[in-house]
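Here's the structure we're looking at; comments come further down.
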Amino acid sequence: MIYESAQEVEAGGLMTYGVNRADLDRRAAAYVDKILKGAKPADLPVEQPTKFEFIINLKAAKQIGLTIPPNVLARADQVIK
């Protein structure tokens, strides 16, 4: 399966492609800081995620007999062996 977060892949899932949670947390903290300093939430712009991560678990791929092409491995942010 392809999962949403890195935790599932680290626990044995095949791969993930999703937002970088650490980046989202940092950006959320900036919003909280602005609100605590008096900004109105309705006046703050809505932002889309900008950082995504692609992680492949080669150990899981091997267990199911799947070969991941080298060009796909090269695009991964992290490869779990």
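Between V46, V32, V19, where does the largest GNM mean-square fluctuation fall for the chain, given springs only between Cα atoms within less than 10 Å?
It is V46.
Mind pulling the angle between the C-alpha long axis of helix 21-36 and the longest principal axis of the chain? Nearest 10 degrees, somewhere in 0 to 90.
For helix 21-36, the angle is close to 10 degrees.
Excluding ligands and nucleic acids, what accessible area in Å² is computed for K59 using a 1.4 Å probe, to the nearest 10?
Accessible area of K59: about 130 Å².
Quick one: which residues, 5+ away or cross-chain, put their amide H under 5 Å from the amide H of I80? H built at 1.01 Å from N.
So I80 has HN proximity to I56, N57, L58.
Taking K62 as the anchor, which lysines have their alpha carbon closer than 19 Å to its alpha carbon, excluding any fewer than eight residues away along the same chain?
By straight Cα distance, K62 reaches K81.
Taking θ as phi - 60°, what are the ³J(HN,Hα) couplings along the stretch 65-81 by the Karplus curve (6.51, -1.76, 1.60), each to the nearest whole Hz, with x for Gly and Pro?
Once rounded to whole Hz, the list reads x, 9, 9, 8, x, x, 5, 6, 4, 5, 7, 5, 6, 8, 10, 8, 9.
Mind ranking D33, D77 by accessible surface for me, highest first, 1.4 Å probe? All intermediate terms of the calculation are to be shown ahead of the outcome.
Values: D33 70, D77 105 Å².
Result of the area sort, largest leading: D77, D33.
Please arrange R27, R75 by accessible surface area, largest first, computed with a 1.4 Å probe and ligands excluded. It would help to have the intermediate numbers written out before the result.
Working: R27 55, R75 185 Å².
Sorted descending by solvent-accessible area, the residues read R75, R27.
So, how do all the Cα-to-Cα distances of the chain break down into 5 Å bins, in percent, from 0 on up?
Reading the bins upward from 0: 3, 14, 20, 17, 12, 9, 9, 7, 5, 3, 1, 0.
As a check on your grasp of the helix formula, calculate [θ] at 222 nm for the chain: sum -39500 (n - 2.57) over DSSP H runs of n ≥ 4, divide by the residue count, round to the nearest 500. Please list the in-between numbers first.
Values: 4 runs with 33 residues, N = 81.
So the calculated ellipticity at 222 nm is -11000 deg cm²/dmol.
The values are calculated or read from the model by the stated rules, or taken from the named source; none is laboratory data. Model, not experiment: these values are computed from the prediction. The area values use the complete protein model at the heavy-atom level, side chains included, leaving out ligands, DNA and RNA. Shrake-Rupley method; radii C 1.70, N 1.55, O 1.52, S 1.80 Å.
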